[in-house]
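No lab work stands behind these numbers, since they all come straight from the coordinates. What you are looking at is a predicted structure, and each value in this text was computed from that prediction instead of being measured. Backbone-built Cβ (ideal geometry, glycine too); neighbour counts: all protein chains shown.
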Amino acid sequence: MSSIVNEEAERGVLGSCLIGNTSGGGTTTSPIDKAIDAGCNESWFSLAKHKLLWQAMMGMHVEGKVVDMVTVGVLTNDYELLNDLVDNTPSSTRITSYLAITDQYAKLRLLRDISERIADSIGEEGADIEQVVAEASYSLTDISSHRNERTLREMQDDNIKVFDNACEGIVSGVPLPWKHFSDRISGVQKGSGCLLIGRDGKGKSGCIAQMLDFWAGEGIPSLAFSMEDVGRRTLLRMTGCREWISAMSVEKGKTLISERWEGMQEFQKQETRGKLNKYIRWLEDKPFWMLEEKMTVEEVCAKIRHYHRVHKIEAVTIDGFKDIIHSKGRGDTECEKHIAGALYDVAKDCNIALVIVTHINKIDEGVAITKGNLTGSGAQNKGARQALIFQDAGLSQIVDEHTFVLSCTKNNYGAGGSVVLTRDPYVFSYAEPNYNGSAR
């Protein structure tokens, strides 16, 4: 394979650092600091002599020493290279351009190396394809976001942005469909897992579908893993939220009249088909993607990294946790810890809001789920910064099978709190009350 090198740009970076770096306290950023801020490191240089020179300059700069031709020459004794760099770098003002070119060629070399490693791995007998894909995904993510360390100013700028948004009524996290509740808890926070916890078969998947439809409508790039059920059913529930169509009616091909299922008339069939087609035309223009196959957690994380890298997704839902295929660990607890840890890591690495649906089976029917009795009920509950508890019983506000309470606990930002949700029995979407007590 041909060499991917741009020696001129590499020499431009090194020469600029030599002739433009000073130890003074002026306001102008020195070329070597610009290079460091851009993420430059020895891997950006293709030639051994360029790598060694960069290491020498970096070592001196970190120690607070002046970096110039004289001081570096004493350390490296390679005056021929230094003279060449100084003679052919008349000005350090092009450092930004040199860095961009050098970075580009370094990434191309990394891509070549990744492709060669993949080719070698898949050529081995008994190759672990899942591991190969996961490692390739991590490597590609590193290439697209080489600068991992952020300055204190950048971190504080994030706080200023959060403050400015809060003043405008914009929550710090990804918003939820229920505005009053979402404002109270500041949305689903990015950079950590948020569990949606409840008993099996009580409506959490419908809750997730409403979130996904809401995010699509708000233009929030999102990815859904429909693991517990086939993707079409998640999509059908999403359609119901916006087009007011009954998922049960679609699957039965009938309509409910006076608590009896009756065959549809032709105009009703046409109306239903029209709503299904209308919704998918609307959704196809939105930044939304759905995957429905079962996967290991390594495959899930690789997909998340890919969609974050390519499509800049901000929110991910996984319905459900226990359907992720166990790939490591000998018992349920070990497996769950491995899966939860990997998911929380990818949420932090990609700075996304990650909502994970999980079931609680160790709390008796009729008993309210609380932060206290969640302890010990599943390894996946450990380490989540937020938990949304989908209550179906045990509280005085829950008066019938279509009334639920959604509570937020383990919340680092905003306030915790709860909201009473009323489920429409026709489309199974949820509404929070208005301040006057009526549902909206």
If the chain between Gln270 and Asp332 were fully extended at 0.36 nm per residue, the gain over the current Cα-Cα distance would be 17.5 nm
Once the Cβ-Cβ distance between Trp261 and Asn373 is put in as r, and R0 is 35 Å, what FRET efficiency do you end up with, to the nearest 0.05? 0.35
Rounded to the nearest Å, the spacing of the alpha-carbon centers of the range 393-408 and the range 81-108 is 65
Taking only the alpha carbons of the range 7-127, the radius of gyration and the largest Cα-Cα distance, Dmax, both in angstrom, are 16.7, 60
Determine the relative contact order of the range 7-127: mean sequence separation of Cα pairs under 8 Å and six or more apart, normalised by residue count, in whole percent. 40
Going by average Cβ density within 10 Å per residue, which order do the peptides 350-358, 163-171 take, highest to lowest? 350-358, 163-171
Which order, highest average first, do 390-402, 33-45, 121-133 follow once you tally other Cβ atoms within 10 Å for each residue and take the mean per peptide? 33-45, 390-402, 121-133
Taking 2.2 N^0.38 Å as the expected size of a compact globular protein, what ratio does the Cα radius of gyration of the chain give against it, to two decimals? 1.25
What nm distance separates the two modelled labels at Arg153 and Lys179, each placed 7 Å from Cα along Cα→Cβ? 3.8
What shape does the range 181-244 have by the C-alpha gyration tensor, where a ≥ b ≥ c are the square roots of the eigenvalues, rounded means a/c under 1.5, and otherwise prolate means a/b greater than b/c and oblate the rest? oblate
Pairs Lys275/Lys362; Lys252/Lys322; Lys51/Lys190: which are spaced more than 32 Å apart, C-alpha to C-alpha? Lys275/Lys362; Lys51/Lys190
Specify the inter-centroid distance of the range 205-258 and the range 304-342, based on alpha-carbon positions, in whole Å. 22
Quick one: if you stick a label point 7 Å off each Cα along the C-beta vector at Val399 and Glu292, how many nm between them? 3.8
Output ³J(HN,Hα) for the range 117-123: one whole-Hz value per residue in order, computed from phi by the Karplus curve 6.51 cos²θ - 1.76 cosθ + 1.60 with θ = phi - 60°, and x for Gly and Pro. 5, 4, 4, 5, 5, 6, x
In percent, what relative contact order does the range 173-431 have, based on Cα pairs under 8 Å that are 6 or more apart in sequence? 30
Antiparallel versus total DSSP beta bridges in the chain: what percent is that, nearest 5? 40
Need the full-extension length gain, Glu80 to Ser3, defined as separation in residues times 0.36 nm minus the C-alpha distance. One decimal, nm. 25.3 nm
Note to self, the chain gives a 222 nm [θ] from helices alone (DSSP H runs n ≥ 4, -39500 (n - 2.57) apiece, / all residues, nearest 500) of -15000 deg cm²/dmol
Whole-Hz Karplus couplings 3J(HN,Hα) for the range 201-210, θ = phi - 60° and coefficients 6.51, -1.76, 1.60, Gly and Pro as x, run x, 9, x, 5, 5, x, 4, 4, 4, 5
Length-normalised contact order of the chain, Cα under 8 Å, at least 6 apart, in percent, tallies to 17
Give me, ordered by chain and number, the residues 5 or more places off Ala353 or on other chains with an amide H under 5 Å from its own placed amide H. Gly191, Ala315, Val316
